[in-house]
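Asker: Can you read through this structure? Questions will come right after.
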Amino acid sequence: MARETYTARLDKKVCISESAQCYHFEFVLDELESFPFTSGQFVSAVAPDANGKMQTRAYSIASAAKENRFDLCVNRVEGGFFSNHLADLSDLTVGNSIQIHGPHGHFVLQEPVTDSILIATGTGIAPMRGYAQWLFPENGPDRSNGKEIWLVYGTRHETEVYYQDEFEALAAKHPNFHYLATLSRAGESWTGLRGYVQDHVARIVEERAGRLGLPLVQPEVDPAIPKAELKFDIYSYICGLNNMVSGVRDKLAGYGWHRKQIVFERYD
């Protein structure tokens, strides 16, 4: 059965990193009054290539649900049909449109909201921006329930830290939101964190355990509890390339974290 597609009109396009050729897009679905989705889900964009073959590419939505709008965060990829289709002004200028279907996916926050560590690299920041907007809306009630939310964002260079101003403003406004940007190839002028995300995630886990008087290594879950009924007081949400995702999963597994506590999405 063919999926129902919608026309998404480009309303705004901003290059947020010249060095990485990363673009922020804002789309409007004029045919719909609303486009409901859960933060962390994705849409699939479809378009014919130069040979007339229909191409499909999944993109995490980089915003929380708002009326009939959604945002994307996309890097230009050399030789990549869709990333260039989106990034090239000659192909897609403001006012033009693409076809999408969705929303899809299960990379969503567990409810009720718990303490959470959001971990991303590169454009893996897209669903994290959606989580943050949903948890701490500009106009609406705080949905974080006072839980501690850490966003650990890793990239190579300072010019590739996406949405930095937004997250810093959010952290300044909400004391339970902690934004940690770390660079693996930082220049001398960088005054923030250095190294890989898994090292900073480890520090968060260890400091939290010490502050709450919890054992650093969690006891094994009672196997008699059905998996569907398992609940935890903290979850991690990881989005990025496979090596990073695997590294963080291994680090958390070393602390005895259950696999259901480690929610992840890879895009390679």
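The values are calculated or read from the model by the stated rules, or taken from the named source; none is laboratory data. All values derive from a computational prediction rather than experimental measurement. Methodologically, a virtual Cβ is constructed for each residue, glycine included, from the backbone with ideal geometry; neighbour enumeration extends over all protein chains shown.
Asker: Looking only at strands (runs of 3 or more DSSP E) that lie completely in region 164-268, which have at least 1 residues being without any contact (Cβ under 8 Å) to a residue 40 or more places away in the chain?
Answerer: 177-183, 262-266
Asker: Strands (runs of 3 or more DSSP E) wholly in region 42-101 with at least 2 residues that are farther than 18 Å from V14 by Cβ - which ones?
Answerer: Ranges flagged: 42-48, 54-60.
Asker: Specify the residue that is nearest to H200 (Cα to Cα); the eligible residues are those in region 104-116 that are of a type outside the set (G, A, S) and touching a strand residue (DSSP E or B) at 6+ places or on another chain (Cβ under 6 Å).
Answerer: Here the answer is D115.
Asker: Between residues in region 1-24 that are closer than 24 Å to Q164 by Cβ and residues that are of a type in the set (G, A, S) and surrounded by 18 or more Cβ atoms within 10 Å (Cβ to Cβ), which pairs lie under 6 Å by C-beta distance while being six or more apart or on different chains?
Answerer: Between residues of region 1-24 that are closer than 24 Å to Q164 by Cβ and residues that are of a type in the set (G, A, S) and surrounded by 18 or more Cβ atoms within 10 Å (Cβ to Cβ), the close pairs are Y23/A87.
Asker: Considering E220, E206, which residue is of a type in the set (D, E, K, R), within 24 Å of N176 (Cα to Cα) and in the same structural domain as I149 (by TED's automatic domain parsing)?
Answerer: Unique residue meeting the criteria: E206.
Asker: Quickly run through region 22-54 and pick out the residues that are modelled with pLDDT under 95 and either touching a Pro at 6+ places or on another chain (Cβ under 7 Å) or basic (K, R) (or both).
Answerer: K53, M54
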